[in-house]
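Data block below; observations after.
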Amino acid sequence: MSVNRKPISTLPDHLPPLTDEDGEVREITAEDLKHFHPVTDALPDILEALERSRGQRGPQKEPVKERVGLRLDHAVVEHFRRTGPGWQSRINAVLAAHVKATKNS
């Protein structure tokens, strides 16, 4: 728990309670919203835990690939699809090998 937690005030006495005896929540009004606190004040520990659990993506280790629309022969696509998951990466590897081979020519 945070040591510097601000006290959370309740609704003023002139406003009806948010729930009735059965626990049913009444409709929230604009007046009610004026007395609510942002989650950063009310639950800072929970907000911090949610931020940590979301995780962050690190820097890219390799250049990011470019998304393109490419029309290939049906036989080529079927050949690679039959090889299972990762077939698009295998097409990329074949094309990269071709580029490397022709670069040295």
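Key figures
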quantity	calculated
Value of [θ]222 nm, deg cm²/dmol, for the chain, DSSP H segments ≥ 4, -39500 (n - 2.57) each, nearest 500	-12000 deg cm²/dmol
Along principal axes, Cα extents of the chain, largest first, whole Å	84, 34, 23
Extreme residue, positive dipole direction of the chain, given options Phe80, Leu47, His98 (C-beta unit charges)	His98
Theoretical gain in end-to-end length, Ala49 to Asp73 [0.36 nm per residue, Cα-Cα removed]	3.6 nm
Cβ-based net charge around Leu72, under 15 Å, with every Lys or Arg adding one and every Asp or Glu removing one	+2
The chain, relative contact order in percent, only Cα pairs under 8 angstrom and at least six apart counted	19 percent
Accessible area of the range 3-73 divided out per residue, in Å², using a probe of 1.4 angstrom	98 Å²
Carbon + sulfur, % of accessible area of the chain - ligands and nucleic acids excluded, 1.4 Å	56 percent
Solution diffusion estimate, µm²/s, Stokes-Einstein, the range 51-96, Kirkwood Rh from C-alpha pairs, 20 °C, viscosity 1.002 mPa s	160 µm²/s
GNM result for the chain, Cα springs below 10 Å: residue of Arg54, Arg82, Arg26 fluctuating most strongly	Arg82
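The values are calculated or read from the model by the stated rules, or taken from the named source; none is laboratory data. Given the structure is predicted, the values throughout are model-derived calculations rather than measurements. Methodologically, a virtual Cβ is constructed for each residue, glycine included, from the backbone with ideal geometry; neighbour enumeration extends over all protein chains shown. Just so you know, the surface numbers come from the protein's heavy atoms only, side chains and all, with ligands and any DNA or RNA stripped out. Shrake-Rupley method; radii C 1.70, N 1.55, O 1.52, S 1.80 Å.
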